[in-house]
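Each remark here refers to the structure printed beneath this line.
The values are calculated or read from the model by the stated rules, or taken from the named source; none is laboratory data. Computed from a prediction, not measured in an experiment: that's the story for all the values here. Cβ sites come from the backbone with ideal geometry, for glycine too, and all protein chains shown count toward neighbours.
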Amino acid sequence: MTGRMLRFCPALAMLLLAGAAPSDDAPHLVVRIAPAAPDAQQNIPFVDVTLVVDALHAAAGDPLFELPLVANTVVTSGKDLQSLAFADAAGPIVVTELDIAEDASNTTRRWRASRAVLGAMTVRYRVPIDAAAPPLALPQYEMRTERGTFSAAGNAFLLLPTDRTPRRVEVQWDFSRYGAGGTGASSFGLGDVTTPAALPAPSLASAYYMGGRPGTAGPERDGFFAAWQGDPPFAMAPLMTWAGKLHRFYGSFFGYTPMSFGVFGRTNTRNPGSGIGLTDSFAYTFNQTSRPDDLRSLLAHEMLHSWVNSLDGSMDGAGGLDRSWFGEGLAVHYQRTLPYRAGMISADDFLKDLNETAARYYTNIKITTPNAAILDGFWRDTRVRVLPYDRGSLYFETVDAQIRAKSGGKRSLDDIVRAMLATRRGGGAMNEALYRSLLEAQLGDKGIADLDAMLAGRIVLPPSNAYGPRFRRVIRPLRRYDLGFDMASLQARPKIVRGLVAGSNAALAGLRNGDEILNSFPQDALQGDQQAYVTLDLRREGRVRRIRYQPRGETVDAFQWVAVNPRQATASKRRM
């Protein structure tokens, strides 16, 4: 789940759904991508990029283009670019570089003009790809290559204009150097594509690009398509058929469908099953142990962000981690609820998803962390990072149960969500003020008081019958997630173990203060799996060793839900 934690706003869908019409008179931005021929190991050594940007205006010394060097802790290709050249109609442009540390997780490089620029501008450069780079337990932005295919998010390799002028985007693929059989895909569609609406530069940065010989599926009649690189351990096409069917169900449920939506998969041996939300698309990871059942919940979650994320940033947009309880909470709620309603997952699948969320939440020692502290701890502490997902979803399920009970089953959370989306499509702000007004209309002052209490860190507990008469709440003893040492050790460079807890599973496995941890590992998913083990590669006194243990601590009472005896409950599905 690591990559699901921070996401870009799906701007293309929002612009289209807000009524943006194709604008033939808008300036264009051409992105031409030319992969090199694969080497003997079927790795693509580099990708050449050409950008042609209309209507670019800058005075001498103004920033022209920018590219993250570090994007949400991921090191990009920014420092590795080769043969970088800028030119306009008057000839070459000399530029200077300026690196800006946005925060602890993001650094941006900007290129400034040595003279005034007016009109169209062309940028050319080469992006080398290191096929030997180790896999990351981080958002899947960076350039990767395998089996004759490359992929990356735009924020890892695309220079983009610093102005926010909307431009119609043309993605063009050049496989003349690559050879026969080359295929390209981007968040905007399969092959060469021009967006029907003018988009700001961040929409390209938060798009995905995959070229070479990817597997592909679609596009379907509703614009759904998929592309994947690597060698999946199962037939990917049936899973993408399932995802396309669910995408159409979402469109029916929410009342509209984005004009296109792409799903991009690639191998990650270290962090399979993670995902990142992007412009009208998302990317996910798999490895040789992945199964379709493991990925369905991820697919269901990430597709929801085309509907439940806010465009204006005041709820859950880029940079709004303290607001992620809304978009992520709704996505986790609906990732199990809507597939279950559609008959696309079983009751057992529904309970498994629900109980993993509940187990992680009710055993989380950081459970009472106020929402205002989420931003500060998001990237430093996995226990803080998962709270918007877990607490948000259980909060919305509590609200849903309260509205159903008060209205005698005539209304639900769905009515609030649809009203918010209708407001956004009509050009209004989808923000917290709107949510509060709709919530108050349904639940009165108590609804507002409960919202404020949740944001302040009060523990959320849906009623036993929140999920219908087929399920009831129980208490079970579960163990807290506990690495057994100070989690801040993992943020240091090098990662030196500090604060080892005597008697912890880590200490019993042989870990010592002063050991250097050499590997990385995804913690978000570990928290939800009571049976999971963590493996640490260590350096101690010049020798490398490995230990393995369960990262669990004290046992606490936690809430779970179980199926009611069918003889004691109605056999029909409740409209959840």
Report summary line: The residue that is surrounded by the fewest Cβ atoms within 10 Å (Cβ to Cβ), considering only those in segment 496-518 that are under 17 Å from residue 548 (Cα atoms) and not aliphatic (A, V, I, L, M), is 503
Query raised in the report: Can you find even one residue in segment 475-496 that is more than 32 Å from the chain's Cα centre (by Cα) and over 23 Å from residue 358 (Cβ atoms)?
Result: no
Requested in this report: Taking the residues in segment 186-203 that are without any contact (Cβ under 8 Å) to a residue 60 or more places away in the chain and assigned to a loop (DSSP other than H, G, I, E, B) as candidates, determine which candidate is nearest to residue 164 (Cα to Cα).
Outcome: 192
Query - Filter result for residue 31 (surrounded by 20 or more Cβ atoms within 10 Å (Cβ to Cβ), more than 21 Å from residue 107 (Cβ to Cβ) and at pLDDT 95 or above) - result: yes
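Which is within 27 Å of residue 358 (Cβ to Cβ) and in a helix (DSSP H, G or I), of 525, 507?
Working: 507 fails: within 27 Å of residue 358 (Cβ to Cβ).
One residue alone meets the criteria, 525.
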Query - Residue satisfying all of: in segment 102-115; modelled with pLDDT under 95 and among the hydrophobic types (A, V, I, L, M, F, W, C); nearest to the chain's Cα centre (by Cα) among these - result: 104
Report summary line: Here, strands (runs of 3 or more DSSP E) confined to segment 57-174 with at least 2 residues that are crowded, with 19+ Cβ neighbours inside 10 Å and in contact (Cβ under 8 Å) with a residue 60 or more places away in the chain are 63-71, 117-128, 144-146, 149-153, 167-173
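Being assigned to a helix (DSSP H, G or I) and among the hydroxyl-bearing types (Ser, Thr, Tyr) is the filter here, so list the residues in segment 434-483 that pass it. Let's see the steps before the verdict.
Step one: filter segment 434-483 for residues assigned to a helix (DSSP H, G or I), giving 434-455.
Result: 435, 437.
Quick one: which of 163, 222, 174 is at pLDDT 95 or above, of a type in the set (Asp, Glu) and in the same structural domain as residue 75 (by TED's automatic domain parsing)? Can you show your working first?
Working: 163 fails: at pLDDT 95 or above; 222 fails: at pLDDT 95 or above.
Being at pLDDT 95 or above, of a type in the set (Asp, Glu) and in the same structural domain as residue 75 (by TED's automatic domain parsing) holds for just one of 163, 222, 174, which is 174.
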Query raised in the report: Out of 301, 247, which single residue is of a type outside the set (Phe, Trp, Tyr), within 25 Å of residue 72 (Cβ to Cβ) and in a helix (DSSP H, G or I)?
Result: 301
Report task. Could you pull out the residue among 208, 250 that is buried (at least 18 other Cβ atoms within 10 Å of the Cβ), more than 24 Å from residue 160 (Cβ to Cβ) and of a type in the set (Phe, Trp, Tyr)? Result -> 250
**Report entry** Flag for residue 352 being on the phi < 0 side of the Ramachandran plot and not in a helix (DSSP H, G or I)
**Finding:** no
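State yes or no: is residue 277 touching a strand residue (DSSP E or B) at 6+ places or on another chain (Cβ under 8 Å) and either of a type outside the set (Lys, Arg) or surrounded by 24 or more Cβ atoms within 10 Å (Cβ to Cβ) (or both)?
Working: touching a strand residue (DSSP E or B) at 6+ places or on another chain (Cβ under 8 Å): no; either of a type outside the set (Lys, Arg) or surrounded by 24 or more Cβ atoms within 10 Å (Cβ to Cβ) (or both): yes.
Answer is no for this residue.
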Query raised in the report: Quick one: which of 103, 80 is touching an Asp or Glu at 6+ places or on another chain (Cβ under 9 Å), in the same structural domain as residue 276 (by TED's automatic domain parsing) and within 26 Å of residue 140 (Cβ to Cβ)?
Result: 80
**Report entry** Matching option when the condition is surrounded by fewer than 17 Cβ atoms within 10 Å (Cβ to Cβ) and either assigned to a helix (DSSP H, G or I) or on the phi > 0 side of the Ramachandran plot (or both), among 373, 358, 401, 429
**Finding:** 373
**Report entry** From the options 423, 398, residue that is among the hydroxyl-bearing types (Ser, Thr, Tyr) and modelled with pLDDT under 95
**Finding:** 423
Query raised in the report: Out of all the residues in segment 388-395, is one or more loosely packed, with under 15 Cβ neighbours inside 10 Å and part of a helix (DSSP H, G or I)?
Result: no
